[in-house]
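Shown next, in structure tokens, is the structure this report addresses.
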Amino acid sequence: MRQLTSLGILLVCLVFLPSVGLTAEHPPEVTAKAAIVIEASTGKVLYEKNAEERRYPASTTKIMTLITALEYGKLDDIVTTSANAANTEGSSLWLSPGEQLKMLDMLYGVMLVSGNDATVAIAEHISGSVDKFARLMTEKAHAIGAENSNFTNTSGLPDENHYTTAHDLAKITAYGYKNPLFAQIVSTEHKVIPWPGKDHDRDLYNENKMLWLYDGANGVKTGYTDAAGRCLVSAAKKNGIQLVAVVLDSEYMWDDSIKLLDYGYTQLQQVPVIRHGDILKTVKVNEGKTSDIKLVATNDITVPMADNERDKFTTVVDAPTKLDAPVTSGQKLGTVKVLYNNKEVASSDLVADRTVERKTFFGMLWGSVWSFLTFVIRNFA
């Protein structure tokens, strides 16, 4: 264990670390009308082109559909397909009126093969109608920080009031990766789900070719309509760094996305901020056999940093200054948080480094007597 007198000093010292492996490449040239690549945990924008311009999202809408369903639905619910859902135009899971599937299976159908019919069935199950569910989607998007988005349907079919931006889609997707099930679904290459009434199951193969084209790719969704053009939200995780790239109305969406992710990884490096066992605070212990304990971090924290942004990271320790005995070794007594522009991006529990037993009655009595004698000697001797 090492005593850290100031986490601020640690971060300042990191400024002088060499930028190993980083190159100052020129920004990529992409064919997309709007594009962006961000680091997911911080939201740091690494490249952008018309990223705040409102555009039709096509089926990348379904990222927001998935997030909303995961937060408002129940995965084991049985979803019954209405005639309205079964007759939804566009890409399909080929649901039949009255067909029943678990919510989770429906969600795989939404994200792997872009089932518009499944999005309607899910919306009707959770909210009663697509309109009501779309309002939930919009509310959630705004809560995430995607304030330039408005959703009127669950599939991404064209509507002049259904729009988002490249930056908003990146924010929405980065939020999604906080949910392990979201990450699991969007990174699934192949899934078998039931097909009631058939003598075989549905074999679903993910339409997102990035899962095969790019090392570390782990999502997320393709999209196309005449109004939106070719759209792709892609993502990758390498060396612990999660990137999200968005291209809207792109002539070469695969190439554009690969360029963005490659460029993003040249701009960042993982920097250790906290290590397991670091001492973050000393706390006084009242009525304990030992007068204080040290609080230590339970895990390493490394954060993706660009060279010019180290001063935007700060740390905050949330722990008491004193507490009462007894205390058990390993007992959680606080947390340390790493912030980027005052937004939490990582944290670690802080635990007691030792056990401190409570003094016995005679021990506390002798302590009181000793304190009194010390007072008398200092003031009257």
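Laboratory data are not the source of any read-out in this text; all were calculated from the coordinates shown. Because the structure is predicted, anything quoted here is derived from the model rather than measured. When we count neighbours, we look across all protein chains shown, and the Cβ atoms used for this are built from the backbone with ideal geometry, even at glycine.
Could you put E251, E48 in order, starting from the residue whose Cβ has the fewest other Cβ atoms within 10 Å?
E251, E48
Using the beta-carbon distance between Q100 and E357 and R0 = 41 Å, what value does 1/(1 + (r/R0)^6) give for FRET efficiency, to the nearest 0.05?
Efficiency at R0 = 41 Å is approximately 0.10.
Between segment 297-356 and segment 77-107, what is the separation of their alpha carbon centroids in Å?
Going from one Cα centre to the other spans 46 Å.
Quick check: the angle from helix 116-127's long axis to the longest principal axis of the chain, C-alpha only, nearest 10 degrees?
Between helix and principal axis, roughly 50 degrees.
Rounded to the nearest 0.05, what FRET efficiency do D262 and T282 give with R0 = 56 Å and r taken as the Cβ-Cβ distance? Could you check?
0.75
Which of the following values of semi-axes √(5λ) of the Cα gyration tensor in Å was calculated from the structure shown: (1) 32, 26, 20; (2) 51, 27, 17; (3) 47, 24, 18?
(2)
Give the relative contact order (percent, whole number) for the chain; include only Cα pairs under 8 Å separated by 6+ residues.
Computed value for the chain: 18 percent relative contact order.
So for each of 33-45, 189-201, 214-226, 272-284 I average, over its residues, the number of other beta carbons within 10 Å; can you give me the resulting order with the highest mean first?
Peptide ranking by packing, descending: 33-45, 214-226, 272-284, 189-201.
If we sort 107-119, 301-313 on the protection proxy, mean other Cβ atoms within 10 Å, highest first, what's the order?
The densest-packed peptide leads the list: 107-119, 301-313.
If each of K209 and D255 carries a label point 7 Å out from its Cα toward its Cβ, how far apart are those two points in nm?
Placing both labels 7 Å along Cα→Cβ, they lie 1.2 nm apart.
Restricting to DSSP H runs of at least four residues, report the calculated mean residue ellipticity at 222 nm for the chain, -39500 (n - 2.57) per run over all residues, nearest 500 deg cm²/dmol.
After summing the helix terms and dividing by residue count, I get -9000 deg cm²/dmol.
What do you get for the angle between helix 253-266 and the principal long axis of the chain? Use alpha-carbon atoms, 0 to 90 degrees, nearest ten.
Approximately 20 degrees, to the nearest 10.
Using the alpha-carbon atoms, what tilt in degrees (0 to 90, nearest 10) does helix 103-113 show relative to the longest principal axis of the chain?
So the inclination is approximately 60 degrees.
In what order do E344, E124 fall by count of nearby beta-carbon atoms within 10 Å, going from fewest to most?
Fewest-to-most Cβ neighbours within 10 Å comes out as E344, E124.
Would you work out the charge dipole size for the chain about its Cα centre, treating the Cβ of every Lys and Arg as +1 and the Cβ of every Asp and Glu as -1, and quote it to the nearest 20 debye?
It works out to roughly 1960 debye.
If R0 is 45 Å, what FRET efficiency do you get for N179 and S291 from their C-beta distance, rounded to 0.05?
0.55
Mean separation of Cα pairs under 8 Å and 6+ residues apart, divided by the residue count of segment 82-153: what relative contact order is that in percent?
With pairs under 8 Å counted, the relative contact order is 25 percent.
Which distance in nm do the two modelled labels at R135 and N342 give, with both placed 7 Å along the Cα-to-Cβ direction?
3.3 nm
Work out from phi, with θ = phi - 60° and the Karplus expression 6.51 cos²θ - 1.76 cosθ + 1.60, the ³J(HN,Hα) of each residue of segment 289-302, listed in order in whole Hz, and give x for Gly and Pro.
After applying 6.51 cos²θ - 1.76 cosθ + 1.60, I find 5, 10, 6, 7, 10, 10, 9, 10, 6, 8, 8, 6, 10, 10 Hz.
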